[in-house]
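Novice: Pasting in a structure now, in structure tokens, and then I'll have a few things to ask.
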Amino acid sequence: MNKRISALTHEEVIEAISAFLESPPDGTPAEVIEAFSSMGSKQIIPPRLFLETVRQAPVAISITDERARILYANDAFEELTGYSSDEIVGKNESVLSSQSTPAQVYQDLWQTIQKKQVWKGRLINHTKLKQEYVAELTISPVLNAHGEIAYFLGMHRDITELHRLERRLTFQKDLTETALNAVPMVIALLSSDGRVILDNYAYKALEGDFRGVEPAQVFLEALQQQIQFDLEAACRAHGKHRLFTNIELRLDPPAGTSPRWFTCSAVRLAELDEAVQHYFKKAAESPDSILLVANEVTQSRHRINEARLNMIRANMAEQQLVQTMREAISAAMFKLQVPLNVIKAALSMPRNRADSEALFEALQQALASGDEAMESLHAALPLQNLEQQTQVNINEVVHEVLRMSTEQLLAAGIVVDWRPTTVLPAVNGRVNAIRGMIKYLLDNAIQAVHEAKKELQEIRIETCSDGDDVVITIIDNGVGIPAPMMLRVFEPFFCGWEQPGKHAGMGLTMAQEVALSHGGVVELDPDFLGGCRVYARLPIHGPGDN
Ligand code: FAD
């Protein structure tokens with residue numbers, strides 16, 4: 001049978017607390033030491049006063065034996081638990097347990113204090129009237145002269161309100177986090193140096209799609225290009241205005257996957273609603289951070305693009321018709337010019353006989369009707385549309401040309417490796433003319449690989465910016481161009497194809513004309529082996545720019 005547990009005498013209480021104060025175990029929270037130290041010790045203040053201070057301390061103090069049976073409880077303990085000192089002495093601290101604390105917590109508590117270490121944690125207690133409260137408890141072992149556990153000193157306070165508040169905050173935080181992760185928008189909190197402080201699932205998914213390239217950087221670069229957005233300056237700016245709203249951006253993900261469109265908005269953290277600010281501020285060191293929100297609109301953009309592409313197709317077909325007529329008439333003029341020149345030369349020769357006079361007249365008539373025919377051909381030349389200059393996204397134009405040529409490429413069994421530079425500066429130019437230029441170059445590449453009849457037919461298209469230029473590179477593994485022909489291929493009506501078909505030998509001439517009219521150039525790489533590499537270089541600031 002257990003021996004009856006009796007309350008500690010005053011001397012024993014003073015001794016227990018003094019022993020604790022003399023060598024507080026490692027890990028004793030500073031506030032505990034401070035609370036007791038402020039009471040003094042028996043050497044400094046009289047024992048009665050010391051005891052009185054412990055009794056009246058604002059925190060619930062209890063002293064137990066090594067099995068947690070209560071030997072002493074102060075006033076705050078009585079008040080908090082509802083048990084009088086007489087009722088509680090001799091009982092185990094477990095009477096305070098509401099049976100809601102997980103057993104693992106108790107296991108941890110006991111394992112810690114039995115190792116003569118301090119335990120601090122939260123338990124769900126209940127009072128004598130079974131009212132639950134959250135107790136923040138610190139237990140310190142008190143050792144005897146032999147270093148064995150003599151008592152446990154427990155201090156606890158009611159932190160129910162604090163706990164509730166914390167729970168509410170956590171709940172709110174979880175709610176915000178869940179909402180952030182559930183929305184399909186890409187959300188990222190950025191510091192002024194472009195670091196991502198916080199992001200959501202949609203952002204992480206985009207990171208995966210971009211094969212590890214930080215999406216924020218891609219967005220920032222595109223914003224810089226499009227609206228000269230300067231993150232650092234924006235972070236420093238003050239005032240209650242959004243930095244930008246619904247800017248549509250086209251991003252060309254690395255590794256040649258299809259382009260993606262986003263409408264993008266940004267706002268400074270300091271200008272957000274207080275509750276939202278609270279959530280983000282936990283992560284952001286500075287209120288000058290920026291919240292970037294991007295909504296993917298690729299699907300709707302595809303639909304718009306499809307309609308646009310159909311218009312472009314119709315436009316290009318019309319353009320091509322005009323071009324074909326121009327080519328045919330120019331060819332006729334070119335060919336007519338040769339006999340006319342011969343006649344002119346003959347006419348300029350001296351004539352001395354009457355029969356040569358008749359020939360002279362006949363030739364003159366022939367020349368006059370030849371000149372007339374030339375003039376009518378000139379007049380029949382269809383006019384080329386004069387096109388306005390705009391900001392041209394070269395990636396977009398190449399992509400359109402590729403889509404328009406899909407059937408042709410599939411039919412020829414050609415593999416296209418399309419590698420756009422993720423963010424390319426816009427070129428100031430005539431979009432239809434540039435589109436035509438790219439189409440000429442691509443058509444040539446298709447013909448070249450077709451004629452080479454290799455097992456693997458391949459065309460690679462790359463874009464990049466090079467200083468003040470944008471360069472489009474088209475590489476094919478076709479028949480190639482022999483060195484002596486490198487210059488001649490740019491001559492009008494020069495046709496070096498084995499099967500000329502519809503080709504009139506004007507493609508490269510026209511492509512070069514478009515490039516030159518933009519202040520750029522089309523060049524062939526003379527050192528490229530195993531096919532052909534063509535560069536079309538267009539300056540960002542077109543010829544009309546200042
Ligand atoms: P118990 O059967 O008492 O114990 C549950 C588990 O705790 C056991 O499975 C075991 O892992 C461990 N355990 C219990 N006693 C011992 C022991 N003597 N040696 C080793 N392991 C043991 N509990 C509260 O709920 N609220 C309090 O405010 C509180 N204050 C305490 C203050 C002090 C100073 C001390 C020393 C303990 C205090 N405890 C408190 C813990 C309490 O003594 C009980 O262990 C706990 O309440 C669980 O009681 P139980 O009856 O549910 O289970």
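The values are calculated or read from the model by the stated rules, or taken from the named source; none is laboratory data. The structure presented is a predicted model; accordingly, all values stated were derived computationally and were not measured. Note that we place each Cβ from the backbone using ideal geometry, even for glycine, and neighbour counts take in every protein chain shown. Surface areas here come from the heavy atoms of the whole protein model, side chains and all, with no ligands, DNA or RNA. Shrake-Rupley method; radii C 1.70, N 1.55, O 1.52, S 1.80 Å.
Novice: Which one of the conditions (1) out of contact with any strand residue (DSSP E or B) (no Cβ under 8 Å at 6 or more places or on another chain); (2) more than 16 Å from the ligand (Cβ to nearest atom); (3) of a type in the set (S, T, N, Q) does ASN200 fail to meet, given that it meets all the rest?
Specialist: Result: ASN200 fails condition (1) only.
Novice: Hey, can you tell me all the residues within the stretch 144-158 that are modelled with pLDDT of 90 or more and touching a helix residue (DSSP H, G or I) at 6+ places or on another chain (Cβ under 9 Å)?
Specialist: ILE149, ALA150, TYR151, PHE152, LEU153, GLY154, MET155, HIS156, ARG157, ASP158, listed by residue number.
Novice: Among the strands (runs of 3 or more DSSP E) contained in the stretch 354-460, which hold 2 or more residues that are surrounded by fewer than 16 Cβ atoms within 10 Å (Cβ to Cβ)?
Specialist: 390-392, 414-419
Novice: Which condition from (1) touching a helix residue (DSSP H, G or I) at 6+ places or on another chain (Cβ under 8 Å); (2) under 20 Å from ARG164 (Cβ atoms); (3) in a loop (DSSP other than H, G, I, E, B) is the one that LYS128 breaks?
Specialist: Single failed check for LYS128: (2).
Novice: Is there a residue in the stretch 101-117 that is more than 10 Å from the ligand (Cβ to nearest atom) and either part of a strand (DSSP E or B) or within 25 Å of THR9 (Cβ to Cβ) (or both)?
Specialist: Initially, the stretch 101-117 is screened for residues more than 10 Å from the ligand (Cβ to nearest atom), giving 102, 112, 115-117.
Keeping just the survivors that are either part of a strand (DSSP E or B) or within 25 Å of THR9 (Cβ to Cβ) (or both) gives 116.
Yes, the stretch 101-117 has at least one match.
Novice: Which numbered condition in (1) open to solvent by 70 Å² or more (accessible area, probe 1.4 Å); (2) at pLDDT 80 or above is the only one that GLN43 fails?
Specialist: (2)
Novice: Is it the case, given these coordinates, that LEU165 is on the phi < 0 side of the Ramachandran plot and surrounded by 15 or more Cβ atoms within 10 Å (Cβ to Cβ)?
Specialist: Working: on the phi < 0 side of the Ramachandran plot: yes; surrounded by 15 or more Cβ atoms within 10 Å (Cβ to Cβ): no.
In short, no.
Novice: Further question on the same structure: Would you check which residues across the stretch 462-472 are of a type in the set (S, T, N, Q) and buried (at least 17 other Cβ atoms within 10 Å of the Cβ) and list them?
Specialist: From the stretch 462-472, those of a type in the set (S, T, N, Q) are 463, 465; that's our starting set.
Correct list: THR463 only.
Novice: Then there is this: Inside the stretch 499-534, can you point out the residues that are assigned to a loop (DSSP other than H, G, I, E, B) and at pLDDT 80 or above?
Specialist: Listed by number, the residues that qualify are HIS518, GLY519, GLY520, ASP525, PRO526, ASP527, PHE528, LEU529, GLY530, GLY531.
Novice: Can you tell me how many residues in the stretch 533-546 are open to solvent by 20 Å² or more (accessible area, probe 1.4 Å) and either over 35 Å from the mean Cα position of the chain (by Cα) or of a type in the set (Val, Ile, Thr) (or both)?
Specialist: So the answer is 1.
Novice: Working only within the stretch 302-323, note down all residues that are more than 36 Å from the chain's Cα centre (by Cα) and touching a residue at least 60 places away in the same chain (Cβ under 8 Å).
Specialist: GLN319, VAL322, GLN323, listed by residue number.
Novice: Next question, about the same structure. Could you list all residues from the stretch 66-100 that are near the ligand (Cβ under 9 Å from one of its atoms) and either open to solvent by less than 30 Å² (accessible area, probe 1.4 Å) or part of a helix (DSSP H, G or I) (or both)?
Specialist: ALA68, ILE70, THR81, GLU93, SER94, VAL95, LEU96, SER97, SER98
Novice: Output the number of the condition that HIS163 fails; it satisfies all remaining conditions of (1) within 15 Å of the ligand (Cβ to nearest atom); (2) modelled with pLDDT of 90 or more; (3) closer than 25 Å to GLU78 by Cα.
Specialist: (2)
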